[in-house]
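Here's the structure, in structure tokens; my notes come after.
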Amino acid sequence: MKRLTSLLLLMLCFFLLSDRFKEPPPLADSWLTTGDEQHLLENQPAKLFQDDKQDLPTIFVDKHKTYQQMDGFGAAMTGSSAYLLEHKLTAKQRDALFQDLFSESGIHLSYLRHTIGASDYSVDDRGNPSSYTYADQQGTLEDPLQHFSTAPDRTVMNMLKLAKISNPELQLMGTPWTAPPWLKYGEHTYNGSYLNYADQRTYEIYADYFIKYLLDYKEEGLDIDLLSVQNEPQFETAAYPSMAMGAAEQQYFIQNFLGPAILDAGLRTAIVAYDHNWENSKDYAETVLNGASEYTAGTAYHCYAGNPENTAEIQELHPEKGIYFTECSGGAWGEDFGDNLSWLMDQVIIGTTRNWSKTVFLWNLALDETGGPTNGGCTDCRGVVTVDSQSGNSKKNVEYYALGHISKFVQPGAVRISSTELPHLSTAAFWDQKEDKIILLAANTSNTTQTFQLEEENKHLPYTIAPQSAITFVWEGR
């Protein structure tokens, strides 16, 4: 009898202790931005997941179903952005803004794109429009790039270096708007035209041009991680630096010249093709990926025509290649904060990542109160931040908060995982395996309040989100 009693007591103690030490439900932190601007990436009180499931529309999160690995999030350090940041801010203002943009205490941007030579946002040290390449003057027959120099990029380099101080892990992408005019066919101009295909040495010289650029930047401590061959190759204009490049030509250049040159130089820069709108992208992407697969990491896209679902077909055809989203600009054409937030979250932040993009870049990192200074392009674009050219004060725009909802929480190396969507509720989920954290972005794109619950590993979290608002949840994996 004594032995039986002891056994019963032991079993009772085991039951009580096992219940006491049962893994507690996860605690979810969250950050909210509302369409009425009452909350701007604001940390909310933490909430406990619950065992009980309520009768609510449910967003299911499953970390066991994984998709692409994320590379990073950011914007473009254009010449105009760099000029404003270096010349219109005091050192104190600049340091504070860079903390807000690049450090863990801010939105922790992890990637910057810059223009190889001039774009429609390139200016000189006085803020005047400036078109240039790194080899405006043709050299000798033996040394065509004799006059090559990245010196016109000094201000851009300075700001990239400063950004890397705030985030030492910051990655960089380079994109040209035009080749040196003397390498173009017909009239030698920055604005428009295309490479001189009649002279095959053109491609060899242009590949050398890229290598010199990559090595120069590397010497400055600025390794270029990602390289696209031509910005918006299906568009050329007389208004600003630009150049057309057909799919077959891009494939030929990458496969026979640029790819081997990067390999021979011992560089690790990855090449991406296309770098243009979602719309009508399939044939171009396929041509390059099918013919220059050995040297091409994937394809890049912009937001100005089409929709992010266009890239899913490319991913299905070439699952071994990456999808990269590299440009989208806000502007004065969209003034309402809530409308802009909903579109950015639904189409750009969530839409691109749900459709396999490894990166999300917006366009100008900073512009002034007039949307400038410009070099012949958009006259009403908006930067991620607006810098007052008189006072140096900076304003965080809707683009800052939309980017922040992903860049602050999803670090490079995290993987996208499965998350269901609901009517008017767009979602994207990620698993940071290094920190073992789950991140869920949700955006209410409707004009009415939405109530739902999260479900992950049979734990539930009910939540009500205001109209045209976005929230990021973060909780520990189990």
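Each value in this text was obtained by applying a stated rule to the coordinates, not by laboratory testing. All figures in this text were calculated on a predicted structure; none of them were measured in a lab. Methodologically, a virtual Cβ is constructed for each residue, glycine included, from the backbone with ideal geometry; neighbour enumeration extends over all protein chains shown.
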- Note on the structure: In terms of the charge dipole of the chain, which places +1 on Lys and Arg and -1 on Asp and Glu at the beta carbon, the residue among THR374, SER357, ASN167 farthest towards the positive end is ASN167
- Message: Net charge within 15 Å of PHE325 by Cβ-Cβ distance, Lys/Arg positive one each and Asp/Glu negative one each, not counting PHE325 itself?
- Response: -3
- Give the residues of the stretch 221-256 whose amide nitrogen is closer than 18 Å to a point set 7 Å from the Cα of TYR197 in the direction of its Cβ. 229-237, 243-256
- Query: So for the stretch 111-247, what are the equivalent ellipsoid semi-axes in whole Å, largest first, each being the square root of 5 times an eigenvalue of the Cα gyration tensor?
  - Reply: 25, 17, 15
- Task: Run the quick spin-label model on THR66 and TYR304: label points 7 Å from Cα toward the beta carbon, then report their separation in nm to one decimal.
- Result: 3.7 nm
- Message: From zero outward in steps of 10 Å, how is the percent of C-alpha pairs of the chain spread across the bins?
- Response: 4, 19, 29, 23, 13, 6, 3, 2, 1, 0, 0
- Using only Cα atoms, find the angle between the long axis of helix 282-291 and the longest principal axis of the chain, and express it within 0 to 90 degrees, rounded to the nearest 10. 80 degrees
- Hey, can you rank 425-432, 315-322, 102-109 by average C-beta count inside 10 Å, highest first? 425-432, 102-109, 315-322
- Message: Quick check: the distance between the Cα centres of the stretch 43-74 and the stretch 84-127, to the nearest angstrom?
- Response: 33 Å
- Note: the stretch 207-284 at 4 °C, 1.567 mPa s; Kirkwood Rh on alpha carbon pairs; Stokes-Einstein D in µm²/s works out to 95 µm²/s
- Enumerate the amide H contacts of ASP368 below 5 Å, restricted to partners 5 or more residues apart or on another chain; note that Pro and chain-start residues carry no placed amide H. VAL387
- Message: Could you tell me which residue out of LEU84, GLN54, LEU214 lies farthest along the dipole of the chain toward its positive end? Charges go on the beta carbon: Lys and Arg +1, Asp and Glu -1, centred on the Cα centre.
- Response: GLN54
- Cross-link partners among lysines for LYS92, C-alpha distance below 16 Å, same-chain residues fewer than 8 apart left out? LYS395
- Query: Using the 10 angstrom Cβ neighbour count as an exposure proxy, how do LEU85, LEU56 rank, fewest first?
  - Reply: LEU56, LEU85
- Message: Contact order normalised by length for the chain, with contacts defined as Cα pairs under 8 Å and 6 or more residues apart; what percent is it?
- Response: 22 percent
- Item | the stretch 132-151 and the stretch 325-388: distance between their alpha carbon centers, rounded to Å | 34 Å
- Note on the structure: Over the chain, the sum of -39500 (n - 2.57) across DSSP H runs of at least four, divided by residue number and rounded to 500 deg cm²/dmol, gives at 222 nm -8000 deg cm²/dmol
- Task: Using the Cα centre as the reference, give the magnitude of the dipole from point charges on the C-beta atoms of the chain (Lys, Arg: +1; Asp, Glu: -1; all else neutral), rounded to the nearest 20 debye.
- Result: 1600 debye
